[in-house]
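Student: First the structure, then my questions, so here it is.
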Amino acid sequence: MLRAASFSIFLASVIAGNAASQSVSGQSFGSGFTLTPYVSYVSSATIQIDPYASSTFDRSQTVELSGGYGYGISLSKRVFDKSIAFGLSVEYTHILDEELSEIYDNGTARIRARIKEEITVIPVELSGYFDLPNFTPDLNIYIGGGVGAYFGDRKRTIINIETKTISKEPGFGFVAMTGMGYRFNEYFGGVFELRFRQGEYRVKSEFSTTVITAGGNTFDIDQSLDSKVFLDGLKLSLGFSFRF
């Protein structure tokens, strides 16, 4: 009877100690999985206009796009000593820049035409995370990195003529990140993350015509486009996490 009582007290103390350590560390409970839907802002993207040209000068020509917005979801799992996690994220990002322009010259007339560039990207990224020592029981800061695959499209509009996509080819890239998580209670929390990536994909597209008309003058344009798009801006995201 005494031995059974002693064993019960020992078991209770172990369980209590384990629960306390989880509470203090701020790590995940239950199975160690965390699901996080989030919204994001991407600071910029770059389009390499003619990456397969024979001329070095032509290959170096790029268009810098302003920022855009997106949303996504990530699933992560803590492993080993609970300070390391691996996660998979999928998101949708849209960038529209209507403030671009290009100069066209037909030898007798010259115009500056308004250009619109629009890209949509679906990054699928696998990342590893490492928690830094906790500042408070409910706040943790982490760093990490990983790899990603990028699926996307590009549409270019000159005046009122828009390209049609012929083919799309996904590409790959690397990811580096840092973030901060705050635990509201045992199951729910908030996450702010800053992520830098160098992801790319290829798009072949074409206009329905080889010329544009403006002010009664006709100007030649490149009908076929074979471009690379780089998602190389800084991503800031804000999410709501659920541990289970």
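The values are calculated or read from the model by the stated rules, or taken from the named source; none is laboratory data. What you see is a predicted model, and the numbers here were worked out from it, not measured in a lab. For neighbour counting, all protein chains shown are included, and Cβ atoms are generated from backbone atoms with ideal geometry for every residue, glycine included.
Student: Considering the range 30-50 alone, what residues qualify as being surrounded by fewer than 17 Cβ atoms within 10 Å (Cβ to Cβ), in a loop (DSSP other than H, G, I, E, B) and over 16 Å from the mean Cα position of the chain (by Cα)?
Tutor: G30, S31, G32
Student: Quick one: would you say S23 is under 30 Å from F244 (Cα atoms), at pLDDT below 50, out of contact with any Pro (no Cβ under 9 Å at 6 or more places or on another chain) and surrounded by 10 or more Cβ atoms within 10 Å (Cβ to Cβ)? Before you say what the answer is, go through the steps one by one.
Tutor: On the way: under 30 Å from F244 (Cα atoms): yes; at pLDDT below 50: yes; out of contact with any Pro (no Cβ under 9 Å at 6 or more places or on another chain): no; surrounded by 10 or more Cβ atoms within 10 Å (Cβ to Cβ): yes.
No; evaluated as a whole, the condition is false for this residue.
Student: Within the set of pairs 6+ apart or on separate chains, which have a first residue in the range 76-97 that is more than 30 Å from I159 (Cβ to Cβ), a second that is surrounded by 15 or more Cβ atoms within 10 Å (Cβ to Cβ) and hydroxyl-bearing (S, T, Y), and C-beta atoms under 6 Å apart?
Tutor: Sorted first by the residue in the range 76-97, then by its partner, the pairs are S76/T34; R78/S28; A85/S76; A85/Y129; G87/S74; G87/S76; G87/S127; S89/S74.
Student: Return the residue satisfying two criteria in turn: it lies in the range 51-66 and is among the polar types (S, T, N, Q) and surrounded by 14 or more Cβ atoms within 10 Å (Cβ to Cβ), and of such residues it is modelled with the lowest pLDDT. Even if it seems obvious, please write down each step before you answer.
Tutor: Of all residues in the range 51-66, those among the polar types (S, T, N, Q) come to 54-56, 60-62, 66.
When the remaining residues are screened for being surrounded by 14 or more Cβ atoms within 10 Å (Cβ to Cβ), the result is 62, 66.
Working: T62: 94, S66: 91.
Taking the candidates together, the pick is S66.
Student: Being surrounded by fewer than 20 Cβ atoms within 10 Å (Cβ to Cβ) and among the aliphatic types (A, V, I, L, M) is the filter; apply it to the range 159-190 and report the residue that is nearest to F244 (Cα to Cα).
Tutor: Step one: list which residues in the range 159-190 are surrounded by fewer than 20 Cβ atoms within 10 Å (Cβ to Cβ), which gives 159-162, 164-174, 176, 178-180, 182, 184-188, 190.
Subset that is among the aliphatic types (A, V, I, L, M): 159, 161, 166, 176, 180.
On the way: I159: 52, I161: 50, I166: 44, A176: 26, M180: 19 Å.
So the residue we want is M180.
Student: May I ask you to list the residues in the range 84-103 that are more than 19 Å from T46 (Cα to Cα), small (G, A, S) and over 12 Å from the mean Cα position of the chain (by Cα)?
Tutor: So in the range 84-103, the residues more than 19 Å from T46 (Cα to Cα) come out as 84-90, 103.
Retained after the next criterion (residues that are small (G, A, S)): 85, 87, 89.
Of everything in the range 84-103, those that are more than 19 Å from T46 (Cα to Cα), small (G, A, S) and over 12 Å from the mean Cα position of the chain (by Cα) turn out to be A85, G87.
Student: Could you please find all residues in the range 148-180 being under 13 Å from R195 (Cβ atoms) and either in contact with a Ser or Thr (Cβ under 7 Å, 6 or more places away or on another chain) or among the hydrophobic types (A, V, I, L, M, F, W, C) (or both)? Explain how you work it out, then say what you get.
Tutor: Quick first cut of the range 148-180, residues under 13 Å from R195 (Cβ atoms) only: 148, 173-180.
Those that are under 13 Å from R195 (Cβ atoms) and either in contact with a Ser or Thr (Cβ under 7 Å, 6 or more places away or on another chain) or among the hydrophobic types (A, V, I, L, M, F, W, C) (or both): F174, V175, A176, M177, M180.
Student: Of the conditions (1) closer than 30 Å to E186 by Cβ; (2) in contact with a Ser or Thr (Cβ under 6 Å, 6 or more places away or on another chain); (3) modelled with pLDDT under 95, N18 clears all except one; give me its number.
Tutor: Against the list (1) closer than 30 Å to E186 by Cβ; (2) in contact with a Ser or Thr (Cβ under 6 Å, 6 or more places away or on another chain); (3) modelled with pLDDT under 95, N18 comes up short only on (2).
Student: Also, I was wondering about something else. Taking G216 as the residue in question, decide whether it is under 23 Å from V39 (Cα atoms) and either touching a residue at least 12 places away in the same chain (Cβ under 8 Å) or of a type outside the set (D, E) (or both).
Tutor: It is false that G216 is under 23 Å from V39 (Cα atoms) and either touching a residue at least 12 places away in the same chain (Cβ under 8 Å) or of a type outside the set (D, E) (or both).
Student: I've got another one for you. Please go through the range 215-238 and pick out each residue that is part of a strand (DSSP E or B), of a type in the set (G, A, S) and surrounded by 15 or more Cβ atoms within 10 Å (Cβ to Cβ).
Tutor: S227, S237, listed by residue number.
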